[in-house]
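The values are calculated or read from the model by the stated rules, or taken from the named source; none is laboratory data. What you see is a predicted model, and the numbers here were worked out from it, not measured in a lab. As a convention, Cβ positions derive from the backbone with ideal geometry for all residues, glycine included, and neighbour counts pool all protein chains shown.
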Amino acid sequence: RTKLTYESRANLAKSAVAKRLFNLMASKQTNLCLAADLTKADDILDIADKCGPHICLLKTHVDFVEDFSEGFITNLKSLAKRHNFLLMEDRKFADIGNTVSLQYGKGIYKISSWADLVTAHTLPGRSVLQGLKAALGPGDASKERGVFLLAEMSASGNLIDDKYKENSNKIATEGADVDFVAGVVCQSSKTFAFPGLLQLTPGVKIDESVDKLGQQYQTPEHVIQERGADIGVVGRGILQASNVEQAAQTYRDRLWAAYKDRVAK
Ligand code: UP6
């Protein structure tokens with residue numbers, strides 16, 4: 001899987017959003033996802049505008065935005081269009097089908113109305129996918145939207161074991177809802193083999209290996225070449241830089257060069 005180009009894998013993707021993302025990455029030449037973990041809407045919009053030209057995906061946690069509004073989403077969507085990146089709400093859904101359906105479609109955030117992609121834990125089993133699909137209108141379930149399933153976490157001491165990973169892989173690759181699965185959030189290419197899925201790997205930073213709260217970091221080269229990531233997620237590595245635009249450019253260049261090396265070998 002890791003030797004194939006993003007273009008060739010677009011043809012193998014069962015999810016329409018995954019296909020779109022593979023093609024976007026190839027044409028824009030970026031495999032960088034920015035984790036826009038800021039608490040003010042304007043700060044997120046500002047960083048999205050600055051880093052937009054360098055990213056394929058912008059990842060949000062809208063539940064800690066202090067001044068969330070519909071206007072924020074309208075502006076975020078127009079930046080995504082202008083700079084050509086997709087939006088992912090990292091909601092990490094983990095409840096019964098009926099509840100995740102409500103959390104995805106309703107409430108203040110109405111996530112399904114704007115996020116191209118969301119993340120979900122596989123803990124509840126397949127019903128998490130069925131629940132999320134149920135929040136979407138008939139017909140558009142698998143076309144416009146997609147899910148990344150968590151099969152591993154970067155937090156030290158997390159409880160995910162090999163059996164859980166194996167079963168998460170089955171949920172991502174077998175059954176009636178595979179057209180809704182765009183990829184897997186994990187730390188290693190050993191977690192799954194199907195080349196039509198994208199591997200999203202958080203915990204990327206150039207100069208530090210841990211934070212104070214259990215986060216474990218690897219370098220851009222390591223996650224792409226040793227861990228098999230297709231998209232590297234960078235939050236504080238960019239957010240805390242004195243020049244965020246330049247930092248985004250550096251991460252973009254290093255992640256992309258690592259990918260080009262990987263497919264050339
Ligand atoms: N994230 C992880 N590890 C996981 C899953 N998700 O770090 O296993 C998310 C976090 C955060 C981002 O919720 O938004 O990726 C990492 O941010 P950082 O680069 O600032 O550590």
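Summary of values
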| quantity | calculated |
| --- | --- |
| Whichever residue in the range 239-264 is within 15 Å of the ligand (Cβ to nearest atom) and not in a helix (DSSP H, G or I) and, among such residues, is surrounded by the most Cβ atoms within 10 Å (Cβ to Cβ) | A241 |
| Subset of the range 77-125 (residues that are among the hydroxyl-bearing types (S, T, Y), outside any loop (DSSP other than H, G, I, E, B) and within 16 Å of the ligand (Cβ to nearest atom)) | T119 |
| Residue check for T39: of a type in the set (S, T, Y), at pLDDT 95 or above and either within 24 Å of S127 (Cβ to Cβ) or outside any strand (DSSP E or B) (or both) | yes |
| Some residue of the range 220-238 being of a type in the set (A, V, I, L, M), within 12 Å of the ligand (Cβ to nearest atom), without any contact (Cβ under 8 Å) to a residue 60 or more places away in the chain and outside any loop (DSSP other than H, G, I, E, B) | yes |
| Tally of residues being of a type in the set (A, V, I, L, M, F, W, C) and farther than 18 Å from D37 by Cβ across the range 224-240 | 2 |
| Residue count, the range 109-164 (criterion: closer than 18 Å to Q199 by Cβ and of a type in the set (S, T, N, Q)) | 4 |
| The range 18-41, residues that are of a type outside the set (A, V, I, L, M, F, W, C) and touching a Phe, Trp or Tyr at 6+ places or on another chain (Cβ under 9 Å) | N23, K28, Q29, T30, N31, D37, T39 |
| Search result, residues across the range 141-178 that are under 16 Å from L123 (Cβ atoms), assigned to a loop (DSSP other than H, G, I, E, B) and within 16 Å of the chain's Cα centre (by Cα) | A151, E152, M153 |
| Unmet criterion (only one of (1) in a strand (DSSP E or B); (2) over 27 Å from A10 (Cβ atoms)) for G183 | (2) |
| Any hit, the range 68-76, residues being out of contact with any strand residue (DSSP E or B) (no Cβ under 7 Å at 6 or more places or on another chain), within 30 Å of W256 (Cβ to Cβ) and within 16 Å of the ligand (Cβ to nearest atom) | no |
| Residue within the range 21-29 that is more than 14 Å from the chain's Cα centre (by Cα), away from the ligand (no atom under 15 Å from the Cβ), under 21 Å from A258 (Cα atoms) and among the aromatic types (F, W, Y) present | no |
| Pairs, first on the phi > 0 side of the Ramachandran plot in the range 197-210, second assigned to a loop (DSSP other than H, G, I, E, B) and within 6 Å of the ligand (Cβ to nearest atom), C-beta under 6 Å, six or more apart | G203/S154 |
